[in-house]
Amino acid sequence: MQSIHLDLGCGTQPRNPYGATDLHGVDIRSEQENSKTGSFTYTSANIALEPLPFIESYFDSVSAFDVLEHIPRQVVMPNGELRLPFIQLMNEIHRVLKPGGTFLALTPAFPNEAAFVDPTHVNIITRQTHTYFTGSNPTARMYGFNGNFRVRRARRDAPKNIYKPEQPNWRKWLRRAQHILTNGSCSHMIWELTCEKS
């Protein structure tokens, strides 16, 4: 069965965590900078300030690996308008997902230093950030979020466990335990959220 996946902030090599048959990537780079467009459909867009350039309910899944931390929470536009790019991006992800579609995100999270060390990290994610977008009445509604997601999983994990989904579960558990012993906690949060539409 054909499935369609979108990888946000894909660079030159989009991720395809669910093995979709039709792979799309979106990134701020121009198409000329993106040298490996043969195996996927590439679209250039600034996802922090522009809507996702796709029709409603098009994708079975959307991923964002090390992307959300780069999306500002607030921006004052040159005309003085206040925009909320993170809320708007979550709206856009919900819009382009099919009902029952999956949003998979991996991001460095508070209090681990990985969340802060990169000066372009402007959106610090915590253990509870996903709750603003989930449940019967998401808290982010007060900021203009008009979607709804259901939590499949939201937890700390070792990044390599998500980058290499094909590895056996025992290896993932061992890597997670090593990460906790070495760093005191896992550095990244993983969100796997289901898109709910009425």
Could you tell me whether any residue of segment 1-14 is among the polar types (S, T, N, Q), surrounded by 15 or more Cβ atoms within 10 Å (Cβ to Cβ), farther than 19 Å from Phe149 by Cα and modelled with pLDDT of 95 or more? yes
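Quick grid of which residues meet (1) open to solvent by less than 70 Å² (accessible area, probe 1.4 Å); (2) among the polar types (S, T, N, Q); (3) modelled with pLDDT under 95:
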{"site": "Glu56", "(1), (2), (3)": "no, no, no"}
{"site": "Ser63", "(1), (2), (3)": "yes, yes, no"}
{"site": "Val67", "(1), (2), (3)": "yes, no, no"}
{"site": "Ile71", "(1), (2), (3)": "yes, no, no"}
{"site": "Val75", "(1), (2), (3)": "yes, no, yes"}
{"site": "Leu82", "(1), (2), (3)": "no, no, yes"}
{"site": "Pro85", "(1), (2), (3)": "yes, no, no"}
{"site": "Met90", "(1), (2), (3)": "yes, no, no"}
{"site": "Arg95", "(1), (2), (3)": "yes, no, no"}
Report yes if Val151 is outside any loop (DSSP other than H, G, I, E, B), open to solvent by 20 Å² or more (accessible area, probe 1.4 Å) and in contact (Cβ under 8 Å) with a residue 40 or more places away in the chain, otherwise no. yes
Only one of (1) in contact (Cβ under 8 Å) with a residue 12 or more places away in the chain; (2) farther than 23 Å from Thr120 by Cβ fails for Asn91. Which number is that? (2)
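Which of the strands (runs of 3 or more DSSP E) contained wholly in segment 31-128 include at least 1 residues that are touching a Gly at 6+ places or on another chain (Cβ under 8 Å)?
41-44, 59-65
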Can we say Pro111 is of a type outside the set (A, V, I, L, M, F, W, C) and open to solvent by 70 Å² or more (accessible area, probe 1.4 Å)? yes
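The values are calculated or read from the model by the stated rules, or taken from the named source; none is laboratory data. Computed from a predicted structure; not experimentally measured. Cβ sites come from the backbone with ideal geometry, for glycine too, and all protein chains shown count toward neighbours. For accessibility, only protein heavy atoms count, side chains too; no ligands or nucleic acids. Shrake-Rupley method; radii C 1.70, N 1.55, O 1.52, S 1.80 Å.
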